[in-house]
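What follows is a single structure, written as structure tokens, with notes after it.
The values are calculated or read from the model by the stated rules, or taken from the named source; none is laboratory data. Computed from a predicted model, the values in this text were never measured in an experiment. Methodologically, a virtual Cβ is constructed for each residue, glycine included, from the backbone with ideal geometry; neighbour enumeration extends over all protein chains shown. The accessibility values were calculated without ligands, DNA or RNA, using every heavy atom of the protein model including side chains. Shrake-Rupley method; radii C 1.70, N 1.55, O 1.52, S 1.80 Å.
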Amino acid sequence: MFVVSVLAVVGIALGALGSAVVQRLSNPVARYRQLYLGVLLPFALLSYVVFRLLGFGYVVVGGGAGTVEALLATFTELLAAGVVGLTAYAPTVRGVRSVRDIDLSTGRALVRMGRYVLGLSVFAALITAPLETGLSPVVLLAAVAALIVAAQAAAPWIIPVVRSVRTPDESTEATLTRLRERAGLTVRDVRILDTDREGTANATVRGVPGYRRLFVTSTFLNTLDDETATALLAVQAGRQDARVLARVVAGLLLALVPLFMTLADRGPLWPLFGASLGVFIVSLWTARRGVRAADDYAAERVGPDAVADALERYADVHDMEPSRRRVSNPFSQSPPLGNRIDRLREQAGK
């Protein structure tokens, strides 16, 4: 527990320092996202590596070499790393509340993120624990692939477990049905995520063909007008048509193949690692092309100016300045928001 305490203290200092720096930068909302993905998440992953090297999980569960012990030990290490990540995240909530002017308490934010951490720890443990059971690399790859695909298929039921959701009333359901028909978005049902205090206006679709569920946030319903909401739903319809998520998942699974080849001693480590990284980067490139295709789909449904206006309104609600880059980040699955808006404006001007 001493190691956990030390890492937690370091995490608190890292989060507080990062938050203080970010608040003094331009476009702080986007910078907070970079802080989370570029600093705090790697720190949590490093914590997991430390726990792993120290055998922390087996110390907690009392040792053992069976499958159950391996699963519990892995879950314990992942959860401990998640707790360290939460301690690093906690000092940033106040800064986010300030730059976005939202009523989000630190306690509420930690409870919400804690549910994510718990759910992710369970899922990650189910994937990584089999690595210690002595199964062949081929069987392990098949098991990991099956779990990833199953998680995507079960997302309509998993999300309500880790998030607070509710079923829309008749009036809201009728409005969403009308907007979805205009947007060309076909789903089986809808659930509303409570984000009044977080102020996030998002819409996303999860599930497989035949059972796709639309998740919209309460901020999406309360803040956006019908034209903006329709355009953003049309973008979601375009993502389904272009199979953006499927591109990312397929790329991830293909990228795992060279890594599992190293477990089977079928080739040198670093060239295979490079091949895995290359495959993943290519998959993200195809995902970015899919996002552009989704924007084009939405532009055909409601007009490019309407989609560009909706993306600008989305940025405004989230207190973001749309970023622009001459060269897309190879590790991003979406082009910069500002580039997407500029591209749509160019289409409207033709």
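The residues listed here are 194, 169; of these, the one that is touching a helix residue (DSSP H, G or I) at 6+ places or on another chain (Cβ under 6 Å) and loosely packed, with under 15 Cβ neighbours inside 10 Å is 194. Residues in segment 313-338 that are part of a helix (DSSP H, G or I) and buried (at least 17 other Cβ atoms within 10 Å of the Cβ): 313, 314, 315, 317, 337, 338. When 58, 32 are screened for being open to solvent by 20 Å² or more (accessible area, probe 1.4 Å) and of a type in the set (Phe, Trp, Tyr), only 58 passes.
On the stretch given as segment 224-246, residues that are in a helix (DSSP H, G or I) and crowded, with 18+ Cβ neighbours inside 10 Å total 16. Of the residues 249, 257, 208, 291, which single one is modelled with pLDDT of 95 or more and either β-branched (Val, Ile, Thr) or surrounded by fewer than 18 Cβ atoms within 10 Å (Cβ to Cβ) (or both)? The match here is 291.
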